[in-house]
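Undergrad: Pasting a structure below so you can have a look.
Derivation of every value follows stated rules applied to the coordinates shown; laboratory data play no part. What you are looking at is a predicted structure, and each value in this text was computed from that prediction instead of being measured. Note that each Cβ is placed from the backbone with ideal geometry, even for glycine, and that neighbours are counted across all protein chains shown.
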Amino acid sequence: MSLVVLLLAAATPAAIGDPAQETRAQALDLEIRCVQCENEPIAQSTAEIAGDMRALVRERIAAGDSDEEIRAFFRRRYGDYVLFRPPFDARTWALWAAPLLLGGAGLAAILAGRRRRRAAAVDFVPEEGER
Amino acid sequence: MEGRRQAMIAEIGAFVAALALALSLAQGGLGLAYANSEARAAAAAALAQAAALCCAIAFALLITLFLQSDFTVAVVAANSHIDKPLIYKIAGAWGNHEGSMLLWCFVSALFGAIFASVRGKQSLGLWSRTIGVQGLVTVGALIYTLFLSNPFARLDPAPFVGSGLNPLLQDPALAVHPPLLYMGYVGMSVPFSLALAALIEGRADQAWARALRPWTLIAWTCLTLGIGLGSYWAYYELGWGGWWFWDPVENASFMPWLVAAALVHSAIVTERRGSLASWTILLAIMGFGLALLGTFLVRSGVLTSVHAFAVDPKRGIAVLILLGVALGAGFGLYAWRAPKLAQPSGFAAVSRESMLVWNNFGLAVAAGVVLIGTIYPLLVEALGGGLISVGPPFFNATVAPLLAMLFLLLPLGPMLTWRVGDIRGALLKLVPAIVLALITLIATLVLTQWRAAPALGLMLGVWLVAGGLIYLWTRLQRGTGKLSTKIVILPLAVWSMSLAHIGAGVLTLGAVAETAFRTETAVALAPGEGVAFAGRRVTLLDVGSTEGPNYSATRANFRVDQTNGASSVSAERRYFTTSPMPTTEVGILSGFDGDLYLALGEQVRGSEGAWTVRLYHNPLVQFIFIGVILMALGGALSLVSLARKRAAA
């Protein structure tokens with residue numbers, strides 16, 4: 001009996017009655033990676049395991065887990081690999097810091113360029129077609 | 001007899017490609033060592049044309065092999081099938097690794113030949129050296145193709161029918177998607193060659209930027225269309241309603257696109273004002289580097305896993321060496337020669353130039369973030385840190401704010417004058433756009449019960465579209481005469497910029513609406529049963545079998561009842577003889593408010609005649625693809641405008 005239920009779940013992610021909970025589940029489906037497929041979230045995959053994982057998301061939501069608890073649950077079960085949102089830790093701090101570092105470097109370059117240009121001579125000639 | 005004639009084609013192909021290699025090598029040597037001699041430079045140009053001709057012949061011969069289904073050739077056997085429709089036999093020539101690399105060589109040689117044929121007002125040194133560097137780019141690509149992924153390699157024993165193309169790729173969009181992307185990738189090689197030639201010359205002046213712009217525009221426009229087409233294909237073919245997933249393969253094309261977009265803008269500053277020349281050079285080098293990196297990521301197998309790459313690392317390492325040589329030469333020359341380039345001219349903190357600097361900041365930092373996010377899992381795995389995934393949550397959280405900043409400033413740029421701009425005047429003219437954007441913000445906040453992200457996103461989209469229209473309007477206000485005459489005589493450059501910017505706004509509206517407000521559900525339906533969804537009633541009428549040229553399909557017919565009447569739509573699952581996995585052919589019913597999107601799943605086990613059907617409602621999803629088309633149209637018009645200016649000059 002439970003096997004039949006599981007197989008059905010694989011084909012159809014049994015939607016939760018509560019629309020708010022189903023929306024949460026669908027958002028999580030996009031963040032959790034199908035462990036068998038090549039770079040696909042479980043929302044997208046037609047593989048059977050993806051169906052099982054979608055059912056599991058709904059099971060955990062029905063059990064009252066928060067989104068963070070569900071992510072932790074999948075991480076314990078399948079490893080960091082399963083989360084498209086990498087956790088912040090010793091290995092990934094550089095990843096999360098990179099945008100700030102790049103942005104900072106860009107700003108510094110712009111400011112340095114302005115200082116250089118302020119020193120440079122100004123030679124303004126209006127071009128045709130432009131005011 | 002027939003067999004013998006066929007047997008020759010692959011060998012002739014390999015020979016012609018080898019001839020192209022020799023010609024390109026001579027082109028590189030002569031072009032770089034032109035020694036102020038018109039005759040030598042002209043010889044390099046002629047060699048570029050001959051090399052392109054040879055590459056064209058080699059590529060045509062490869063297509064011939066596919067048309068003949070000559071399964072003694074390994075690539076044809078692995079990627080074609082006797083039953084395949086004609087168009088896909090042709091497209092199969094570039095729908096695989098080896099053939100696509102030959103296409104890469106062909107495009108590189110072709111662009112070199114076109115560049116060599118149109119000298120314009122470029123100095124002899126710049127023209128000749130650019131031809132030379134471009135020749136060496138083609139040499140690198142040809143060496144890789146001939147020695148590490150020869151499309152003309154034979155197979156013994158030959159199979160009778162061929163293994164067939166991946167059925168997902170049997171699609172008209174996918175027939176043109178790779179050539180467009182390759183024209184974009186390889187298009188970035190001409191700005192790269194121009195940048196290196198300028199560094200060798202020690203001069204990057206306005207004439208140089210004028211030569212650079214059309215090539216950057218060609219690359220950017222092709223990348224825009226190629227990425228858009230790939231995205232549209234993913235939308236209607238993969239059957240889950242999504243159009244962008246920050247997949248490494250998507251990122252591989254998005255990074256050069258971002259840099260090309262930055263380059264399109266910085267080259268304008270260099271051409272008009274002589275400023276930012278050394279930054280423009282750096283962007284041109286990085287743009288081609290990212291295009292090569294994209295080729296590496298997609299073609300080396302490194303994306304599947306570092307281990308998959310390690311199993312057969314020869315090709316990957318070869319592309320990395322090419323990348324290293326290109327970037328090493330580029331950055332080395334840059335460090336050595338860039339300080340000697342002409343002094344920049346000044347501009348104020350509020351000016352057209354400064355806005356274009358912020359544009360470049362946003363686009364370049366976004367490209368850097370995408371690059372780090374894409375290669376970070378590979379680095380962690382290579383360093384023994386195990387497997388991690390970096391996906392949409394990371395990219396959305398980092399790239400979206402950068403693009404938001406960019407879009408917030410964008411409508412101001414065209415309103416400001418060069419050198420010193422009048423911010424008050426610009427904002428005053430933009431008041432209607434500001435009002436519309438704020439109304440959108442507040443209305444969305446109220447209607448969505450205070451969801452900030454979609455409200456900000458839609459606000460930015462409206463701001464871009466309205467800002468672009470106001471710019472067009474202010475340009476039409478200038479001068480005297482009838483509006484209709486003024487519309488006709490308005491410079492193409494104004495149209496192209498406005499279209500591209502409005503396109504970015506339309507794309508933003510579609511992307512935000514689709515991401516934030518899409519709804520989906522999955523149901524089991526037996527024929528005759530229906531379901532209420534997104535304000536419509538969808539009824540499954542019947543499920544039957546149909547036959548295609550090389551597949552059989554299960555087809556489900558639906559009736560959709562909406563307020564304005566009933567329509568019918570069908571969805572299929574296709575089973576190809578050459579592949580175990582069925583493909584989905586979704587049913588899409590486009591309406592004013594977006595797409596109703598139906599994907600047929602499997603038959604429900606243990607029940608008589610019920611089928612899984614997934615239903616999606618994707619609001620404003622058409623805006624995404626309309627936005628892409630508008631942006632590409634902007635790029636194309638800009639090219640026409642530059643060509644006209646050149647003809648007039």
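Undergrad: Once both labels are modelled 7 Å past Cα along the beta-carbon direction, what's the B:T417-B:A35 spacing in nm?
TA: Distance between the two pseudo-spin positions: 5.2 nm.
Undergrad: Compute the FRET efficiency between B:A648 and A:R114 as 1/(1 + (r/R0)^6), taking r as their Cβ-Cβ distance and R0 = 30 Å, and round to the nearest 0.05.
TA: 0.25
Undergrad: Another one. In peptide B:239-249, how many Cβ atoms from other protein chains are near each Cβ within 10 Å, on average?
TA: Other-chain Cβ atoms within 10 Å of each residue's Cβ, averaged: 3.
Undergrad: So which lysines can B:K121 reach, going by Cα to Cα under 27 Å and dropping same-chain residues fewer than 8 places off?
TA: Filter leaves B:K340, B:K645.
Undergrad: Same structure, new question: Hey, how many Å between the Cα centroid of the stretch B:473-493 and the Cα centroid of the stretch B:508-535?
TA: Going from one Cα centre to the other spans 44 Å.
Undergrad: Given N residues in chain B, what is Rg(Cα) / (2.2 N^0.38 Å)?
TA: Dividing the Cα radius of gyration by 2.2 N^0.38 Å gives 1.03.
Undergrad: For the protein assembly as shown, what is Rg from Cα atoms divided by 2.2 N^0.38 Å, rounded to two decimals?
TA: 1.00
Undergrad: In which sequence would B:V16, B:V133 go, from the one with the fewest C-beta neighbours within 10 Å to the one with the most?
TA: Result, fewest neighbours first: B:V16, B:V133.
Undergrad: While we're on this one: Dividing the convex hull volume of the alpha carbon atoms of the stretch B:1-165 by its residue count, what do you get in Å³ per residue?
TA: Spelled out: Cα convex hull of the stretch B:1-165, divided by residues, is 98 Å³.
Undergrad: Residue by residue through B:319-329, how many Cβ atoms from other chains fall within 10 Å of the Cβ on average?
TA: Taking all residues of B:319-329 together, the mean is 0.
Undergrad: List B:M581, A:M53, B:M183 from most exposed to least, where exposure is judged by having the fewest other Cβ atoms within 10 Å.
TA: Ranked by crowding around the Cβ, least crowded first: B:M581, B:M183, A:M53.
Undergrad: Sticking with this structure for a sec: Taking only C-alpha pairs under 8 Å that are 6+ residues apart, what is the relative contact order of chain B in percent?
TA: Relative contact order of chain B: 11 percent.
Undergrad: For the stretch B:419-517, evaluate the Debye formula with one uniform point scatterer on each Cα (no solvent term) and list log10 I(q)/I(0) at q = 0.13, 0.14, 0.17, 0.21 Å⁻¹, rounded to two decimals.
TA: So the normalised log intensities work out to -0.55, -0.62, -0.82, -1.05.
Undergrad: Also, I was wondering about something else. When B:I131, B:I489 are ordered from fewest to most other Cβ atoms inside 10 Å of their Cβ, what list results?
TA: B:I489, B:I131
Undergrad: Can I ask one more? Length gain on complete extension for the stretch B:I442 to B:A22, per 0.36 nm per residue less the alpha carbon to alpha carbon distance?
TA: The span from B:I442 to B:A22 would gain 144.7 nm if fully extended.
Undergrad: Then there is this: Find how many whole Å separate the alpha carbon centroid of the stretch B:263-299 from the alpha carbon centroid of the stretch B:344-370.
TA: Cα centroid to Cα centroid, the span is 13 Å.
Undergrad: Which order do the peptides A:97-103, B:283-289, B:457-463 come out in when sorted by mean C-beta neighbours inside 10 angstrom, highest first?
TA: B:283-289, B:457-463, A:97-103
Undergrad: So, one more: Whole angstrom only: what separates the Cα centroid of the stretch B:3-69 from the Cα centroid of the stretch A:92-110?
TA: The distance from the Cα centre of the stretch B:3-69 to that of the stretch A:92-110 comes to 44 Å.
Undergrad: Two-decimal Rg/Rh of the stretch B:495-649 from alpha-carbon positions, Kirkwood Rh?
TA: 1.15
Undergrad: Please give the average number of partner chain Cβ atoms lying within 10 Å of the Cβ of each residue in B:380-388, rounded to a whole number.
TA: 4
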